[in-house]
């Protein structure tokens, strides 16, 4: 129970509060400047006129006039509020329609058929129009047919994952927890297929937000699938591909470190520490500099996670992936720790 409460409170960040105020400011304004004053006036009139007094008789004509005046003013205010909200909703729909028309017109200037350029523009338009769920459903077929580049596919997945805890004004723009889990599973599948590390020169594709950061407000399963995607990426290439110099690579070391040190759930932290330990064991510790600081911090977190009770609850699949990575990289020198 306390863990769920901590996760719920963790979602309440200044950025989210500002976003909520920006989206719903008309409702907050009407509540504080119209609804609450009307309630106060009604309570004051009822109290001063002894309306709730058990000793008093029926209301006097003067009291009835006061209440009729108040009711008339309240009804006029309610009609004004209702009209203002309807006008705002209509304007939002018109703005969205014009935005959609402008995007569709611009797509008409792109090359015909299912060329990568056209498909990238179509999926980008879906996301920018707040239709992440629609883009997610059409993503995998386009990737399998080869009509969508992995850079665009991982960008779409990143947009779904980073907007999973946001709340848009229109239902079509909301991304639920299940969509976030599906996006993370797709990311793991592409990593397992070697699509994210297909560049022979050391280039890779991944969700941009998770290049050096972590999002602990995502659903539990989504976070575990992202960690599994990282493990599949590490397994898909040998050690020298990740770092020619033999030093620990920034990605995914930073991502795993952020998760192992800062996630709210012990199992997720322990799961991140498993591939992090493989990286530390297979790459040598730098003598000094930022890489040395990164290595020392990661090693400290790794050692701490190994001694927790959650370490025994890490999935066998994730342990097996870590063992296979270590076996493939076994020709490298071991790190200090």
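The values are calculated or read from the model by the stated rules, or taken from the named source; none is laboratory data. Every value quoted in this text rests on a predicted model; they were computed, and no experiment measured them. Cβ placement follows ideal geometry from the backbone for every residue including glycine, while neighbour counts extend to all protein chains displayed.
Would you say residue 104 is at pLDDT below 80, over 32 Å from the mean Cα position of the chain (by Cα) and either within 26 Å of residue 24 (Cα to Cα) or in a helix (DSSP H, G or I) (or both)?
Criteria not met by residue 104.
Name the residues in segment 299-319 that are part of a loop (DSSP other than H, G, I, E, B) and free of Cβ contacts under 8 Å to residues at least 12 places away in the same chain, would you?
The one that is part of a loop (DSSP other than H, G, I, E, B) and free of Cβ contacts under 8 Å to residues at least 12 places away in the same chain: 307.
Can you tell me which residues in segment 244-262 are crowded, with 23+ Cβ neighbours inside 10 Å and not in a helix (DSSP H, G or I)?
248 - this is the single residue of segment 244-262 that is crowded, with 23+ Cβ neighbours inside 10 Å and not in a helix (DSSP H, G or I).
Within segment 271-298, work out how many residues are more than 18 Å from residue 312 (Cβ to Cβ), assigned to a helix (DSSP H, G or I) and without any contact (Cβ under 8 Å) to a residue 40 or more places away in the chain.
Number satisfying all stated conditions: 4.
Which ones in segment 194-216 are free of Cβ contacts under 8 Å to residues at least 40 places away in the same chain and surrounded by 15 or more Cβ atoms within 10 Å (Cβ to Cβ)?
Listed by number, the list is empty, since nothing qualifies.
Please tell me if residue 86 is at pLDDT below 75, in a helix (DSSP H, G or I), out of contact with any strand residue (DSSP E or B) (no Cβ under 9 Å at 6 or more places or on another chain) and in the same structural domain as residue 46 (by TED's automatic domain parsing).
Against the criterion (at pLDDT below 75, in a helix (DSSP H, G or I), out of contact with any strand residue (DSSP E or B) (no Cβ under 9 Å at 6 or more places or on another chain) and in the same structural domain as residue 46 (by TED's automatic domain parsing)), residue 86 does not qualify.
Got a sec? Which helices (runs of 4 or more DSSP H) wholly within segment 110-178 have at least 1 residues that are crowded, with 20+ Cβ neighbours inside 10 Å and modelled with pLDDT of 85 or more?
It comes to 132-145, 150-162.
All but one of (1) modelled with pLDDT of 90 or more; (2) under 13 Å from residue 248 (Cα atoms) hold for residue 336; state the number of the condition that does not hold.
Answer for residue 336: the failing condition is (1).
Select from segment 179-202 the residues that are assigned to a loop (DSSP other than H, G, I, E, B) and modelled with pLDDT of 90 or more and list them in ascending order.
Residues satisfying the conditions are 193, 194, 195, 196, 197.
Is it fair to say residue 19 is closer than 30 Å to residue 152 by Cβ, modelled with pLDDT under 70 and surrounded by 11 or more Cβ atoms within 10 Å (Cβ to Cβ)?
Against the criterion (closer than 30 Å to residue 152 by Cβ, modelled with pLDDT under 70 and surrounded by 11 or more Cβ atoms within 10 Å (Cβ to Cβ)), residue 19 qualifies.
Scan (1) within 18 Å of the chain's Cα centre (by Cα); (2) assigned to a helix (DSSP H, G or I) for the single condition residue 241 breaks and write down its number.
So the condition that residue 241 fails would be (1).
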